[in-house]
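Following: one structure in structure tokens, then a few remarks.
The values are calculated or read from the model by the stated rules, or taken from the named source; none is laboratory data. Since the structure is predicted, the reported quantities are computational estimates derived from the model, not experimental observations. Cβ placement follows ideal geometry from the backbone for every residue including glycine, while neighbour counts extend to all protein chains displayed.
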Amino acid sequence: MIPALFVFTYLAVVLYVGIFAFRRSSRSESAEDYFLANRSLGTVVFLFSLFGTNMTAFTILGSSGHAFSNGIVTFGLMASASALIIPLTLFFIGTRLWALGKRFGFMTPVQFFRDRWECGHIGTLIFAVQAALLVPYIIIGVMGGGSTLSAISGGWVPYWLGGALVALVVMGYVFFGGMRGTAWVNTLQTILFLSFGAAALAVIGAGMGGFRRAAEDMLASAATAPLLTRERVSPWFFLSYTFIPLSTIAFPHINIFCLTARRMQQFKPTVILYPICLLAIWLPSVFLGVMANNATAVPSIAAKLEARKTLAAQDSVLNPEERARLRQGAAGDDVVVLLLNHYAPIWLAGLLGAGIMAAVMASDSQILALSTMFTEDVFAFYGGKERFGPAAQVHTGRIFVLGLTAVAYLVALRAPASIFELAVQYAFSGYSSLFPLLVAALFWKGSTKWGALASTLWTVFAVVAVAVFQYAIPAPQSGPPTTVCTLFGGAALSRTPGGTAVFGLMPVVPMVLISSLLMVVLSCLTRKPARQTLIRYFPQSKAPMSAAEHPRLT
Amino acid sequence: MRFILTTIVIAAYFLHQDFWLWRTARPLIFGFLPIGLFYHAVFCLLCSAIMILLVKFVWPVHLDEVASALQSEDEGR
């Protein structure tokens, strides 16, 4: 119960931060102030908040759970690949989006696409696809809040109440504080994440009698030694995973966040320190997840290891229900919480529980991004702003936040989590597939709205096709993947235990490549935007354009 | 300089695919950190160093100038 009190205190603090941000906001109630904090975030808040916005429940809970089952490969797959790709995309794309936002007053990527490619309804389609890929994220956030609060309180807070409390707090500070409140809360969350890693490592390491003995014990056992190498994962799978971080800059909550910096200089510390922040959070999470395989003194972890052993030994003779029960029992998403509960003093477990709660509550920026997109790309675009005025636009955004959070909570109460966990997996590949839109719009004069349309439709088709394929073909229990289609003697399309493989690669690779190809081919075949539009985005001379040449849209 | 930095970034991408450490856990760095994990931790530091070079040598100054001009206009009003 004491850890839950720490979490309640944390929830009260973040709610207060949102209300404080509301009191600090300008009295004019402009959309730019509510949705983008008046493009005025300073260096520290911009760095920590951008990083925190991109860290979700998966960062601490999911990464350690993945490492518990798959070993050290988790770090190379998800952290070090991002350490290279994400800062590069912030450097080359984030800065340009920020500059265009300053020049033309854009608040969403769709506004930029509509102006750059002179398209209206294609922009609406892009909005719809982006929104559809983002919604599962928000629902997963509410679900994670409910189950984490319930776990931390030892079941004292039921799932429905935990989910309601988390949804209310997130809704409260997003509703009142808008982008300013969300950014401040994310900054606080990132500071908690960063403290979490070092503290958890020290406490659990001491409790386990040092990691040296644990590492040697794991290497001595045939069952756990492979977890300290990457032999269970193919190098091709590892290579194809580097396409996933391309999704980051294409996520609306990230690219909208790029517009909030006061000056472009603020990107400098962000791109430099981003890999180090990733290292500080992911290394302890992954390492603890791997070391949990040796924490047999923790009864719940010993039960997980036993379930895994039974699965490996009797997989082929188990009935589906028994197999599902054992798989659930062997899952490691809560191993860090279990290690903390066992080894950390109760007050520290509470403090670290608040850190975990901070990670779980990352759906705030997605809710705000969706609200920004709805009010700018739909409400304002279809005349609502002109008819009802700018103040109504902010009110609409706030009502949208209320409605969206309420719907997410109701869905989280009724639907099984596994559906949305899968949808989030598809969302990463989907946003990676939308990445060529940003690159083409920013860097290629010859790109057209028809190329953008083809890439977007391909993304929809590919995401749906992968979902249907994985639904129709059951995952193999263990061993080699089920090959569905062969080409030139090799497996072209396979169903793997974790998903789908296309020529041994993750589906994200063909999705991005074909999306890029469609953008190029369709753009070459269709009419370019007007010369005046191209001049505004691609000035002929290398001399900087004067401010007068860049009339703002708003 | 752009050519050198492009080469460095491409080289970093290949360095991420460290197939030469794929099947080995030893040596354990500091006695407990498998070499494959240590390698990728160092890789993160390398990425940070590459970003320092990019910021120093190919920062898109031209984008900053227009935005600063607009900002000065706004502040002047």
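Assorted remarks:
- Residues of segment A:225-244 satisfying the condition of being within 30 Å of A:Ser433 (Cβ to Cβ), surrounded by fewer than 23 Cβ atoms within 10 Å (Cβ to Cβ) and within 12 Å of another protein chain (Cβ to nearest Cβ): A:Arg232, A:Val233, A:Ser234, A:Pro235, A:Trp236, A:Phe237, A:Phe238, A:Leu239, A:Ser240, A:Tyr241, A:Thr242
- The single condition from (1) more than 7 Å from chain A (Cβ to nearest Cβ); (2) under 18 Å from A:Thr242 (Cα atoms); (3) under 10 Å from the mean Cα position of the chain (by Cα) that B:Leu53 fails is (2).
- Being at pLDDT 90 or above and within 12 Å of another protein chain (Cβ to nearest Cβ) is not true of A:Leu201.
- Check on A:Ala222, part of a loop (DSSP other than H, G, I, E, B), away from every other protein chain (no Cβ under 11 Å) and not basic (Lys, Arg): yes
- Residue match in segment A:399-411 (condition: out of contact with any helix residue (DSSP H, G or I) (no Cβ under 9 Å at 6 or more places or on another chain) and modelled with pLDDT under 85): no
- Positions within segment B:2-39 being at the interface with chain A (Cβ under 7 Å from one of its Cβ atoms) and over 13 Å from the mean Cα position of the chain (by Cα), in sequence order: B:Gln17, B:Phe19, B:Trp22, B:Arg23, B:Thr24, B:Ala25, B:Leu28, B:Gly31, B:Phe32, B:Pro34, B:Gly36, B:Leu37
- Here A:Thr248 passes the criteria (1) more than 12 Å from chain B (Cβ to nearest Cβ); (2) in a helix (DSSP H, G or I); (3) over 22 Å from the mean Cα position of the chain (by Cα) except the one numbered (3).
- Of the residues making up segment A:145-177, just one is crowded, with 21+ Cβ neighbours inside 10 Å and not in a helix (DSSP H, G or I), namely A:Val157.
- For segment A:361-372, the condition holds for no residue, the condition being that it is surrounded by fewer than 17 Cβ atoms within 10 Å (Cβ to Cβ), under 30 Å from A:Ser195 (Cα atoms) and either in contact with a Gly (Cβ under 9 Å, 6 or more places away or on another chain) or among the aromatic types (Phe, Trp, Tyr) (or both).
- Helices (runs of 4 or more DSSP H) contained entirely in segment A:33-134, each with at least 2 residues that are under 15 Å from the mean Cα position of the chain (by Cα) and modelled with pLDDT of 95 or more: A:81-89
- The helices (runs of 4 or more DSSP H) falling completely within segment A:254-349 that include 1 or more residues that are within 14 Å of chain B (Cβ to nearest Cβ) and under 25 Å from the mean Cα position of the chain (by Cα) map to A:267-291.
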